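A quick write-up on the structure given underneath.
The values are calculated or read from the model by the stated rules, or taken from the named source; none is laboratory data. Because the structure is a prediction, the values reported are computed rather than measured. Note that each Cβ is placed from the backbone with ideal geometry, even for glycine, and that neighbours are counted across all protein chains shown. Please note that ligands, DNA and RNA were not included when accessible areas were found on the heavy atoms of the full protein model with its side chains. Shrake-Rupley method; radii C 1.70, N 1.55, O 1.52, S 1.80 Å.
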Amino acid sequence: MKEISILGSTGSIGQNTLEVIAAHPDKFNVRALAAGTNVSLLKEQIERFRPEFVALATEEAADKLRERLAGTETAVLSGIDGLIAVATHSDVKMVVSAIVGAAGLVPTMAAIEAGKDIALANKETLVTAGPLVMGAVERAGVQLFPVDSEHSAIFQSLVGHRHGDVRRLILTASGGPFRATSLEALKQVTAVQALAHPNWSMGKKISVDSATMMNKGLEVIEASFLFDLPGKQISVHVHPESIVHSMVEYIDGAVIAQMGLPDMKTPIAYALSYPERVELNQPEMDLCSIGMLNFEEPDHLRFPCLKLAYQALEEGGDAPAVLNAANEVAVQFFLSGQLAFLQIPEVVSRVLEMHDPSGLTTVSEVLRKDRWARERSLEVIRQLEGACA
Ligand code: NAD
Ligand code: MG
């Protein structure tokens, strides 16, 4: 029996993880859950999975949940202490890190330092502090399994091969809802349109990141740290069918790809059960009815975020953390209708230009840089508003 904690249990990845766990009660057991402020859904999850304790982001939300839980055994914690308690539960073997954004960094590091294996969905953890996280993983002797479908595909395509034999990684990208939208039309697109992803149903932030292709940029950085390869050995192919989840090209010209219908339960289950596979009752993949698999170059003119991410990776140090924070702020403003779609890369690029490059030595330094970049992003957004008014 694998004892598990989930950070972000009410999100898209969190709910899919609980479905995988529910399908295999003989293999997995939930001990603790953490969520933001979704009291009703967390209450349902408590009734179904009976964790020992849960944590919500605010004391106000925790109070509401305590009222509604009267008579059950589950304790309700709150804030960062609650999150860390969930991440470090003494009986837990694996922590599923599925909070969205840089908020995932501190609890994920706490889990690693407490000796937990990690199933990592929260790519921002690696983007903001890749070298620190990978160093901590090595020191603690724990395992880090990617949940992101592309990284799971690469992880699966690397099994049985030598690192030195890899020529490059090829990440696939669906191209998102605006793959075929003209630059002119992109000026006007709304949050509702950006959230309508053609192949995947995901949280709002990653859906917007997929629409701008910042998601692929973050994934290039994630892959670089996870698989210890520089940006120049990581390519991106747009692949609208989302069947080939990513590929590894070897020095002898062989290319190994991992394919499957797009469903996050597959990479989640692999991270939970590695090296075994578990039955997921997925439909058979019928390539004959899919008929064609298409691949194209990303368009850097319409989707400048991808290049910005490559640049931040190349620059190294705190640049990826700055890129990530500026993007989080810009996406929030876009979602609330206060920033245009094409202004997202503009905010990110201006904040990157403003920052003084420095190395990353501690998590507090990352958090300081993250706060700095958020403040600068707000200034840039105010300037853009002023220019539009
Ligand atoms: P989501 O918005 O659906 O869920 C986020 C979860 O985090 C929710 O449970 C929310 O309550 C919780 N949360 C947010 N802020 C919190 C805080 N401060 N404290 C505690 N809990 C907090 O997002 P998602 O789509 O599930 O994505 C989660 C992560 O997984 C992201 O980093 C995303 O990039 C990554 N990811 C998602 C997918 C996908 O298919 N959804 C695929 C690959 C990677
Ligand atoms: Mg992905």
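A few remarks follow.
- Stokes-Einstein D for the stretch 2-146, Kirkwood Rh over Cα pairs, 37 °C, 0.692 mPa s (µm²/s): 221 µm²/s
- Converting the Cα gyration tensor eigenvalues of the stretch 1-62 into ellipsoid dimensions via √(5λ) gives semi-axes, longest first, of 20, 11, 9 Å.
- Two-decimal Rg/Rh across the stretch 316-389, once Rg and the Kirkwood Rh are taken from alpha-carbon atoms: 1.00
- Accessible surface of the stretch 140-294 [probe 1.4 Å, protein heavy atoms]: carbon and sulfur percent: 53 percent
- 20 Å Cα-Cα threshold exceeded, pairs from 123/265; 232/307; 64/265; 43/205; 204/369; 123/369: 64/265; 43/205; 204/369
- Semi-axis lengths (Å, descending) of the ellipsoid that matches the C-alpha gyration tensor of the chain: 30, 27, 21
- The coefficient of translational diffusion for the stretch 263-389, derived via Stokes-Einstein from the alpha carbon Kirkwood radius under 10 °C and 1.306 mPa s, stands at 90 µm²/s.
- Net +/- balance of residues flanking residue 141 in space, Cβ distance below 14 Å, scoring K and R +1, D and E -1: 0
- Evaluated at q = 0.22 Å⁻¹: base-10 log I(q)/I(0), Debye formula over Cα of the stretch 71-184: -1.26
- Fraction of the pair-distance distribution of the stretch 264-329 above 19 Å, Cα-Cα pairs, percent: 65 percent
- Counted as membrane-span-like here are DSSP H helices of the chain whose alpha-carbon atoms extend 20 Å or more along the helix's own axis and whose Kyte-Doolittle mean is -0.5 or above; these are 123-140, 319-335.
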